[in-house]
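Report on the following structure.
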Amino acid sequence: MKRLAVTVAFLAIFWAFCAPVRAENLDLPDEAPMPAERPLDAPRRESDPQPRAPKLVAIPQEDADAAAKLCAAVLAKDKLVAAPAEAAMWDNGCGAAGQIKISAIKRKDGKDITLRPAALIRCETAEAVADWIRDEVVPATETYSGLSRVEVAASYHCRPRNNIRGARMSEHGRANAIDIRAIVMNDGRRFGVDLQETPLQLLYDLRRGACAHFTTVLGPGSDGYHENHFHLDLAQRRNGYRICQWNVPAPPVPAPNPLRVRYP
Ligand SMILES: [Zn+2]
């Protein structure tokens, strides 16, 4: 009987010491609120001898507060339609302290331009996407019946660059990038980097606008991985270095104007 009492007392003390630890762990969700992609080939620390499932890490309170403030400021500008997304960061570098899921960009006349599927992206990058579409893509597409929808090929995705095992972390893993597959006009036409009916002038305009708004723009001819979509991100580099690599086919040479031909 005495031995039982000692055991119960020991367990009670042990439980009491463990309680704070358990309470801390409760702050972290068991399930990732971000997309479920936690591939074993995601970037990992060099000290890891073999692939392992990434673990959630606690986000410093000041980082979480700054991200929440920035997201609130972006949403207050009323440029986009977005649902809140819970912050999550992983010990392999994936995730972000503040992001939203944008389902549409609001044109300046108030109409919505749908993003399909909705893009999970950090808030400063979401605002850059909204500005690029409102300031560049909408005006550039007016002559083709106007922009109705943007087809998104990828947004947040925890993976190495170009899905190459061992490569550096993609900006997609930081929720800092978006891939665009096509843009769809009000009359139903689809335009994209590999779609034959896309006007060359529109491709020029898309590239010019993208390179003005983003620090990385990759399209056909950049690295062989962007032949059917283009990639936009806000990666920060030393000295403000920017990458704008997207080959647009040369336009046909206009026929000489016969009125300007000089005759001997
Ligand atoms: Zn991409």
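A few comments on the model shown:
- Candidates GLY110, GLY98: the one that is of a type outside the set (A, V, I, L, M), at pLDDT 85 or above and crowded, with 19+ Cβ neighbours inside 10 Å is GLY98.
- Residue check for ASN186: at pLDDT below 95 and among the polar types (S, T, N, Q): no
- Inside the stretch 235-256, residues that are out of contact with any strand residue (DSSP E or B) (no Cβ under 9 Å at 6 or more places or on another chain) and either within 12 Å of the ligand (Cβ to nearest atom) or touching a residue at least 40 places away in the same chain (Cβ under 8 Å) (or both) make up a count of 3.
- Among (1) in contact with a strand residue (DSSP E or B) (Cβ under 9 Å, 6 or more places away or on another chain); (2) modelled with pLDDT under 95; (3) over 22 Å from ALA104 (Cβ atoms) - the single one HIS157 does not satisfy: (3)
- Within the stretch 136-144, none of the residues are in a helix (DSSP H, G or I), in contact with a Leu (Cβ under 9 Å, 6 or more places away or on another chain) and closer than 22 Å to GLY224 by Cα.
- Selection status of LEU232, within 14 Å of VAL137 (Cβ to Cβ), within 12 Å of the ligand (Cβ to nearest atom) and either surrounded by 14 or more Cβ atoms within 10 Å (Cβ to Cβ) or in contact (Cβ under 8 Å) with a residue 60 or more places away in the chain (or both): yes
- In the stretch 181-195 there is at least one residue that is charged (D, E, K, R), under 19 Å from SER103 (Cβ atoms), surrounded by 14 or more Cβ atoms within 10 Å (Cβ to Cβ) and touching a strand residue (DSSP E or B) at 6+ places or on another chain (Cβ under 6 Å).
- Summed over the stretch 127-151, residues that are surrounded by 21 or more Cβ atoms within 10 Å (Cβ to Cβ), more than 16 Å from the ligand (Cβ to nearest atom) and within 30 Å of GLY93 (Cα to Cα) total 3.
- Which numbered condition THR198 fails, given (1) among the hydroxyl-bearing types (Ser, Thr, Tyr); (2) within 14 Å of VAL137 (Cα to Cα); (3) under 19 Å from the mean Cα position of the chain (by Cα): (3)
- Of ALA177, ALA119, ALA154, all but one fail to be more than 30 Å from GLN61 (Cβ to Cβ), within 12 Å of the chain's Cα centre (by Cα) and either among the hydrophobic types (A, V, I, L, M, F, W, C) or more than 16 Å from the ligand (Cβ to nearest atom) (or both); the exception is ALA154.
- The requirement of being within 13 Å of the ligand (Cβ to nearest atom), touching a residue at least 60 places away in the same chain (Cβ under 8 Å), more than 23 Å from LEU75 (Cα to Cα) and among the hydrophobic types (A, V, I, L, M, F, W, C) is fulfilled nowhere in the stretch 202-213; no residue meets it.
- Of all residues assigned to the stretch 71-82, none qualifies as being in a strand (DSSP E or B), away from the ligand (no atom under 15 Å from the Cβ), touching a Gly at 6+ places or on another chain (Cβ under 7 Å) and farther than 25 Å from HIS226 by Cα.
The values are calculated or read from the model by the stated rules, or taken from the named source; none is laboratory data. Since the structure is predicted, the reported quantities are computational estimates derived from the model, not experimental observations. With ideal geometry, Cβ positions are generated from the backbone for all residues, glycine too; neighbour counts draw on all protein chains shown.
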